[in-house]
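Scroll down for the structure; my scribbles are underneath it.
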Amino acid sequence: MKQEAPISIDVVSDVVCPWCYVGKRNLERALAGIDGAEVTVRWRPFQLDPTIPPGGKSRRDYLVEKFGSMERSDALHERLREMGREAGVSFDFAAIKVSPNTLDAHRVIRWAAADAGARTQDALVDRLFRLYFEEGRNIGDHQVLIEAAGAAGMDPKLVETLLATPADRPEVEEEIATAQKMGVTGVPCFLLEGRYALMGAQPPDALADAIVKVSQAKAQGALDEAPSW
């Protein structure tokens, strides 16, 4: 498959969503299979559970409350591990001890794009997924976020300073509200050129096919005006 015009993809995602991690890997595989792929990926915030307190919550307690028992949770995790293996993700759910509130993580992801661009933002998102799902780190903890930002190429001192303030909290919350108004009720959601949405952890072939078709439509001038964030 050959891409005919550069396009943008907004990925509405939460960094504690296992399907979002699988979706990221599937997107990478999709882009690798497109001849001349020219895509700008932007990561947009979503919170699966904004009611989690800022300090996080016991992972076990959270799962029991959400699924009714650890047995049901374990069954879901086993299916996710199988899906992860196919996508190249090594989920280690047993290592996760804290279910974090992700608002601060989304603030740092926002700063990554503003300060250093899409590649740094993508590297940060990747690092946060790895820290949480493969290493069991608490990505609601400011020190973990500062370390992740530094590893992605950001200025850790600046991130530390900003995290101590309410900087960009309203903006992140507004972006989440905008996604909900656009009809996003679950994540991941891949929004191509601000117009065409693919919901869920789509397989690489489906993502690649959609990217090529949208790029062809753009090259032919067949896309309508897109709504803005």
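At-a-glance table
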item	result
Cα gyration tensor shape of the range 95-229, rounded if a/c is under 1.5, else prolate or oblate by comparing a/b with b/c	prolate
Selection from V184, A219, F129 lying farthest towards where the dipole of the chain points positive, charges on Cβ	F129
Relative contact order computed over the range 1-150 (Cα-Cα under 8 Å; 6+ residues apart), in percent	27
Normalised per residue, the volume of the convex hull around the Cα set of the range 12-93 (Å³)	99
The range 1-57 - accessible surface per residue (Å², probe 1.4 Å)	41
Within straight-line cross-link reach of K57, aspartates and glutamates at Cα separation under 16 Å, skipping those fewer than 8 residues along the same chain	D49, E65, D104, D141
Proximal charge balance of I146 [Cβ under 11 Å; K/R count +1, D/E count -1]	-4
As computed over the range 44-162, the Cα convex hull volume per residue (Å³)	102
Listed residues A30, A75, A177, most fluctuating in the chain (Gaussian network, C-alpha, under 10 Å)	A75
Given K181/K218; K157/K181; K2/K181; K97/K181; K24/K218; K157/K218, the pairs whose alpha carbons are separated by over 30 Å	K157/K181; K2/K181; K97/K181; K157/K218
From the coordinates shown, P(r) over Cα pairs in 5 Å bins from 0, in percent corresponds to which of (1) 1, 7, 14, 18, 20, 17, 12, 7, 3, 1, 0; (2) 1, 6, 10, 13, 13, 10, 6, 4, 3, 4, 5, 5, 6, 5, 4, 2, 1, 0, 0; (3) 1, 6, 13, 16, 16, 13, 10, 8, 7, 5, 3, 1, 0, 0	(1)
Fraction of beta bridges assigned by DSSP in the chain that are antiparallel (%, nearest 5)	55
Accessible solvent surface per residue of the range 109-229, calculated while the other protein chains remain in place, 1.4 angstrom probe, Å²	49
Net dipole in debye of the range 1-128 [+1 Lys, Arg Cβ; -1 Asp, Glu Cβ; about Cα centre; nearest 20]	220
Pairwise label distance in nanometres, R81 with K157, each label 7 Å out on the Cα-Cβ vector	4.4
Environment charge of T51, counting only residues whose C-beta is closer than 14 Å and scoring Lys/Arg +1, Asp/Glu -1	-3
The chain - percent of accessible surface contributed by carbon and sulfur, probe 1.4 Å	49
For S8, residues with placed amide H under 5 Å, excluding near neighbours	T40, E193
Potential lengthening between K2 and K181 on full extension [0.36 nm per residue; Cα-Cα distance subtracted]	61.1 nm
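The values are calculated or read from the model by the stated rules, or taken from the named source; none is laboratory data. A quick note: this is a predicted structure, and the numbers were derived from the prediction, not measured. With ideal geometry, Cβ positions are generated from the backbone for all residues, glycine too; neighbour counts draw on all protein chains shown. SASA here: full protein model, heavy atoms, side chains in, ligands and nucleic acids out. Shrake-Rupley method; radii C 1.70, N 1.55, O 1.52, S 1.80 Å.
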